[in-house]
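Below is one structure, written out as structure tokens; comments come after it.
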Amino acid sequence: MATDIKAPTFPESVSEGTVATWHKKVGDSVERDELLVEIETDKVVLEVVAPEAGTLSDINIEEGKTCESEQVLGTLGAASEGKQSEKKSEPSASDDGEGKDKSQSDSGKESADSKPAASGKTHDVKAPSFPESVQEGTVASWAKKPGESVKRDEIIAEIETDKVVLEVVAPADGTLSEIHVEEGGVVESEALLAVFSEGGGGSEGASAESADDQDPASGADNDEQDAKVDGKILAPAARKMAAENDLDVSKIEGTGKGGRVLKEDVQKALKDGSAKKSAPADSGAKTPKAAATPSPAVEGDRPEQRVPMSRLRQTIAKRLVQAQQTAAMLTTYNEVDMTAVMSLRSQYKDTFQKAHDVKLGFMGFFVKAATEALKRFPDVNASIDGTDIVYHGYQDIGVAVSTPRGLVVPVLRDTDSMKLADVEKAIGDFGQRGKQGKLGIEDMQGGTFTITNGGIFGSLMSTPILNPPQTAILGMHKIQERPMAVNGKVEIRPMMYLAVSYDHRMIDGKDAVQFLVAIKSLLEDPARLLLDI
């Protein structure tokens with residue numbers, strides 16, 4: 001009996017997704033809960049697994065095509081059907097073998113007669129079908145060189161668009177014959193990228209790899225092979241930066257999922273100088289590749305280097321500017337005396353950890369204080385939808401979390417009903433899953449208010465940018481000891497600047513100021529926020 005393979009139910013904020021990769025082809029047997037296909041949305045990648053064991057009998061939506069929520073992607077047949085179809089197809093393949101070998105020999109491919117396993121047909125490797133909103137992409141990196149053997153579904157290229165990085169995988173086991181678009185080249189949807197020869201992944205691939213290992217002529221190629229031997233996988237931006245700065249990839253420690261080297265890892269290596277090449281011969285070998293960059297560094301006392309902005313960074317810049325241009329954004333500031341919170345935290349941190357098995361941090365106090373203030377000022381908790389104002393009868397607070405891939409904002413649901421320990425546990429879980437790349441789209445959708453903490457990076461004061469369609473965001477900063485006038489005397493107090501950016505179309509200045517004052521009052525008298533110990 002056939003079973004439909006459906007796309008997951010998308011959240012309201014996601015209208016459609018793109019089928020990024022099919023991990024099985026028609027006729028392949030599949031185990032229950034085995035990964036079948038990945039769907040890429042504008043926020044995360046969703047995995048679709050097999051609902052039961054069987055055989056993939058049909059694919060309705062090819063890679064690169066868009067799909068809607070719960071749309072049928074393919075069909076899963078019974079396991080017996082797959083075995084029967086395989087048995088039927090095997091004789092026909094062998095029967096056609098002679099004819100194919102003869103036609104190939106007639107066209108000048110004599111090697112097909114002596115090596116049937118390595119004489120498979122060729123495939124055009126094309127760029128994925130881009131969504132309507134994406135006009136073109138840039139070939140960020142090639143994971144394989146011409147002549148290298150490739151396994152089926154192994155990544156051979158990455159294409160960077162203004163929204164996501166798309167992976168191009170091998171259609172079968174074989175060899176990458178030739179590359180038509182080099183790294184940095186601009187391609188359109190379904191453009192020809194390379195030519196792939198099926199079935200040459202055996203002895204030919206092994207000989208190609210051994211030849212590469214034994215050939216000392218190209219220092220750049222050897223560097224790439226060493227990185228692969230060490231198990232290094234580079235993100236596109238990281239690969240570009242490492243090449244442009246002539247770094248030894250094997251010396252860079254990857255902090256991404258599965259040890260993936262990220263842009264932040266390369267930046268860190270650049271800063272501390274830990275990935276510099278020891279032998280001058282390596283840098284000499286890299287000279288031809290460095291000369292191929294858009295604008296090489298200018299030698300001398302005042303060096304400069306011009307590097308194209310990545311499409312992802314261009315999109316981030318565009319959206320930040322768009323948020324400022326769309327909303328009538330204004331920021332109000334205040335400062336809070338953290339003496340009481342720090343004293344309470346110091347007094348009860350051990351008891352709190354024993355009772356709830358989690359450390360007592362500062363963020364929990366701010367989340368609970370913001371929740372209470374949002375209840376008092378519903379305009380701050382509202383959002384704008386076109387010409388409508390949506391008032392939310394609940395408080396869902398997004399907390400900015402730093403991950404190896406960048407800043408993400410997972411959402412705490414119904415914070416009014418959460419205890420302080422629940423908040424701390426949830427934030428700790430967000431941070432852990434963020435580092436592992438396991439935060440899902442359901443963790444980051446929605447939210448009625450956002451808190452961001454630049455203080456952990458040393459920021460003393462900043463102006464946070466709104467997270468549309470929300471109408472306000474709270475910015476925390478570094479706790480700094482400063483002389484303060486207290487009851488006519490000068491005392492040194494731990495002070496923190498707070499900033500609330502708000503949309504003046506929705507929130508009046510009086511409400512924004514009073515909202516921030518309410519948070520300040522609650523933090524300076526934290527006894528009203530129950531510790532539940």
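When the residues of the range 149-166 are narrowed to those that are modelled with pLDDT of 80 or more and either aromatic (F, W, Y) or buried (at least 20 other Cβ atoms within 10 Å of the Cβ) (or both), which ends up farthest from E63 (Cα to Cα)?
S149
For E524, only one of the following conditions fails: (1) in contact with a helix residue (DSSP H, G or I) (Cβ under 7 Å, 6 or more places away or on another chain); (2) at pLDDT 90 or above; (3) under 16 Å from M363 (Cβ atoms). What is its number?
(3) is the only condition that E524 fails.
Given the condition at pLDDT 90 or above, assigned to a helix (DSSP H, G or I) and under 29 Å from L262 (Cβ atoms), answer yes or no: does some residue in the range 392-415 qualify?
Checked the range 392-415: no residue is at pLDDT 90 or above, assigned to a helix (DSSP H, G or I) and under 29 Å from L262 (Cβ atoms).
Would you be able to tell me the number of residues in the range 482-508 that are over 18 Å from G398 (Cβ atoms) and under 37 Å from the mean Cα position of the chain (by Cα)?
Within the range 482-508, residues that are over 18 Å from G398 (Cβ atoms) and under 37 Å from the mean Cα position of the chain (by Cα) number 7.
Please indicate, with yes or no, whether at least one residue in the range 479-486 is touching a Ser or Thr at 6+ places or on another chain (Cβ under 6 Å) and either assigned by TED's automatic domain parsing to the domain that holds F366 or within 21 Å of G364 (Cβ to Cβ) (or both).
Looking only at the range 479-486, we keep the residues that are touching a Ser or Thr at 6+ places or on another chain (Cβ under 6 Å), and these are none.
No, the range 479-486 has no match at all.
Taking V380 as the residue in question, decide whether it is in a loop (DSSP other than H, G, I, E, B), within 28 Å of D508 (Cβ to Cβ) and among the aliphatic types (A, V, I, L, M). Explain how you work it out, then say what you get.
Details: in a loop (DSSP other than H, G, I, E, B): yes; within 28 Å of D508 (Cβ to Cβ): yes; among the aliphatic types (A, V, I, L, M): yes.
When the stated conditions are applied, V380 passes them.
So P483 passes all but one of these: (1) loosely packed, with under 14 Cβ neighbours inside 10 Å; (2) at pLDDT below 95. Which condition number does it fail?
For P483, the exception is condition (2).
Condition first: at pLDDT 75 or above, in a loop (DSSP other than H, G, I, E, B) and of a type outside the set (F, W, Y). Can you find one or more residues in the range 311-324 that meet it? Explain how you work it out, then say what you get.
Step one: list which residues in the range 311-324 are at pLDDT 75 or above, which gives 321-324.
Add one more test, that the residue is in a loop (DSSP other than H, G, I, E, B), and what stays is none.
Scanning the range 311-324 turns up no residue that is at pLDDT 75 or above, in a loop (DSSP other than H, G, I, E, B) and of a type outside the set (F, W, Y).
Tally time: how many residues in the range 52-64 are modelled with pLDDT of 85 or more and either surrounded by 15 or more Cβ atoms within 10 Å (Cβ to Cβ) or not in a loop (DSSP other than H, G, I, E, B) (or both)?
Count: 8.
Based on this model, can you work out whether A421 counts as of a type in the set (A, V, I, L, M, F, W, C), part of a strand (DSSP E or B) and within 26 Å of F377 (Cα to Cα)? Steps first, answer last, please.
Values: of a type in the set (A, V, I, L, M, F, W, C): yes; part of a strand (DSSP E or B): no; within 26 Å of F377 (Cα to Cα): yes.
Spelling it out, it is not the case that A421 is of a type in the set (A, V, I, L, M, F, W, C), part of a strand (DSSP E or B) and within 26 Å of F377 (Cα to Cα).
For the range 400-444, name all the residues that are within 15 Å of T371 (Cα to Cα) and of a type in the set (S, T, Y).
Answer for the range 400-444, where residues must be within 15 Å of T371 (Cα to Cα) and of a type in the set (S, T, Y): T415, S417.
Results for (1) surrounded by fewer than 18 Cβ atoms within 10 Å (Cβ to Cβ); (2) within 20 Å of the chain's Cα centre (by Cα), shown as yes or no for each residue.
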position: I397; (1), (2): no, no
position: A400; (1), (2): no, yes
position: D416; (1), (2): yes, no
position: G437; (1), (2): yes, yes
position: T448; (1), (2): no, no
position: G458; (1), (2): yes, no
position: G475; (1), (2): no, no
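Picking from G393, G434, G454, G440, which residue would you name as being within 24 Å of S15 (Cβ to Cβ) and among the small types (G, A, S)?
None of the other options fit; the residue is G440.
The values are calculated or read from the model by the stated rules, or taken from the named source; none is laboratory data. These numbers come from a predicted model, not from an experiment. Counting neighbours? That spans all protein chains shown, and the Cβs are built from the backbone with ideal geometry, glycine included.
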